[in-house]
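The values are calculated or read from the model by the stated rules, or taken from the named source; none is laboratory data. On a predicted model such as this, the values are computed, not experimentally measured, just so you know. Reconstructed Cβ throughout: ideal geometry from the backbone, glycine too, with neighbour counts over all protein chains shown.
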Amino acid sequence: MSSPWLESKTPVGPPSSANPTIRQLLYAAAVTGGWAGVISLLIYLVGRLFGMTFTVGTGPGNEPQQVPFYVVLLLPLVFAVGFALLASLARGWRHAGRIVFWVGTIGALASLVAPLYQPESVGWFARIVLALMHVITWLLVVPQIARIVGDSEPGKFVVRDE
């Protein structure tokens, strides 16, 4: 039997060796962040094909500049890896999955400020498409990382006598 605690008659959780490792979190971040980057890049390329200019303002008083394609591809991956490293700090906490999910959701909502509050020279359609890329990244990355970290919660795999 590979998991002896599953047949236990006492409420014993899995051994700490079964907790998700940083390596597993980084792997999940690479996969989910990579897919978010690829999907965002496809949206970017379709938008460019139809003549959309992806310009963003980089600060007050600066002229909006074109977003390079590699930024659209790599930024979701970078944020996913950073989020996974941050989420790894919550391993073993009670309600770790919920905490990571809501912290990630609040972070994603905060990231929507950048595309939505652009200078007036940036069109609303471009703002909405850029915000869509943020939502796609949240949708693919945050729930998966939260689920993995949630597997380390104390008492998560308690077997109860019915």
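Scanning the range 76-89 for residues that are surrounded by fewer than 21 Cβ atoms within 10 Å (Cβ to Cβ) and free of Cβ contacts under 8 Å to residues at least 60 places away in the same chain turns up Val78, Val81, Gly82, Leu86, Leu89. Evaluating Leu109 against the criteria (1) touching a Leu at 6+ places or on another chain (Cβ under 8 Å); (2) surrounded by fewer than 13 Cβ atoms within 10 Å (Cβ to Cβ); (3) not charged (D, E, K, R) leaves one unmet condition, (1).
I want to confirm something. Restricting to the range 120-149 and keeping residues that are farther than 22 Å from Val31 by Cα and surrounded by 14 or more Cβ atoms within 10 Å (Cβ to Cβ), which single residue is modelled with the highest pLDDT? Don't jump to the end; show me each part of the working.
Of all residues in the range 120-149, those farther than 22 Å from Val31 by Cα come to 120-129.
Then drop every residue that is not surrounded by 14 or more Cβ atoms within 10 Å (Cβ to Cβ), which leaves 122, 126-127, 129.
Details: Val122: 81, Ala126: 85, Arg127: 88, Val129: 91.
Out of the qualifying residues, it is Val129.
Answer yes if at least one residue in the range 64-76 is more than 17 Å from Val135 (Cα to Cα) and in a helix (DSSP H, G or I), and no otherwise.
Narrowing the range 64-76 to residues more than 17 Å from Val135 (Cα to Cα): 64-70.
Cutting the leftovers down to in a helix (DSSP H, G or I) gives us 69-70.
The answer is yes, given that some residue of the range 64-76 is more than 17 Å from Val135 (Cα to Cα) and in a helix (DSSP H, G or I).
Here Arg147 meets the list (1) among the charged types (D, E, K, R); (2) within 27 Å of Ile22 (Cα to Cα); (3) free of Cβ contacts under 8 Å to residues at least 24 places away in the same chain almost entirely, failing just condition (3).
For the range 90-102, filtering for residues that are of a type in the set (A, V, I, L, M, F, W, C) and loosely packed, with under 15 Cβ neighbours inside 10 Å leaves 1.
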